[in-house]
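As structure tokens, the structure follows; a few thoughts come after it.
Since every read-out is calculated from the coordinates, none of them should be taken as a lab result. From a predicted model like this one, the values you see are computed outputs, not experimental measurements. Positions of Cβ are backbone-derived with ideal geometry, glycine not excepted, and every protein chain shown enters the neighbour counts.
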Amino acid sequence: MNLPHHNLVAWQRADDLFIEVHQLTLQRFPAVERYELGSQMRRAAYSVPANIVEGTAREHDREKIRFFTVAAASLRELGYGLHAARRLGYISDAQFEEFEQKQQLIAAPLHGLIRKHRAKRAAKSVVGVIMVLVALAGLL
């Protein structure tokens with residue numbers, strides 16, 4: 001079944017990133033970190049595509065924006081986890097840079113979705129104001 005979020009580049013890339021982060025933290029992190037930093041990174045990485053899915057499923061632009069914004073914040077949180085993993089020596093500088101590029105490739109279309117729905121919401125607000133003014137003018 002092809003669901004609406006399957007067509008979103010941000011979701012496709014975030015889904016791939018989650019799988020990579022999941023595998024990285026379980027295979028390469030020290031055992032103690034699999035349940036500490038690794039677990040937190042997996043949750044943040046999971047939250048990105050999951051919130052895109054939930055935002056896509058929402059009917060109103062305001063709700064869509066909220067979930068897409070949470071996805072963007074989770075992507076930032078993951079970025080910090082990767083930064084910490086690099087500083088702790090769990091990933092190399094090259095791996096960190098590769099993950100940073102992947103995050104940017106998710107952030108760009110994700111912020112595009114946020115802008116799109118903010119613009120739609122603003123346009124609806126303007127139309128609503130115009131309709132009220134027209135109705136008030138009819139009463140005068």
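With K and R counted +1 and D and E -1, the other residues having a Cβ less than 13 Å from that of S47 yield a net charge of 0. Each Lys or Arg adds one and each Asp or Glu subtracts one; over the other residues with Cβ under 14 Å from the Cβ of F18, this totals 0. Arranged from fewest to most other beta-carbon atoms within 10 Å of their beta carbon, H83, H117 become H83, H117.
Neighbour counts of C-beta atoms inside 10 Å place V70, V9, V32 in the sequence V32, V9, V70, starting with the fewest. Among I106, I19, a tally of other beta-carbon atoms within 10 Å of each Cβ gives an order, fewest to most, of I19, I106. For the chain, the relative contact order is 26 percent, taking Cα pairs closer than 8 Å that sit 6 or more residues apart in sequence and dividing their mean separation by the residue count.
Rg/Rh for the chain (Cα atoms only, Rh after Kirkwood) is 1.18. A Gaussian network model of the chain, with springs between Cα atoms under 10 Å, assigns the largest mean-square fluctuation among D93, D15, D61 to D93. Taking trypsin sites (Lys or Arg not before Pro) in DSSP loop conformation with at most 16 other Cβ atoms inside 10 Å as exposed sites, the chain has its longest uninterrupted site-free stretch at 59-140.
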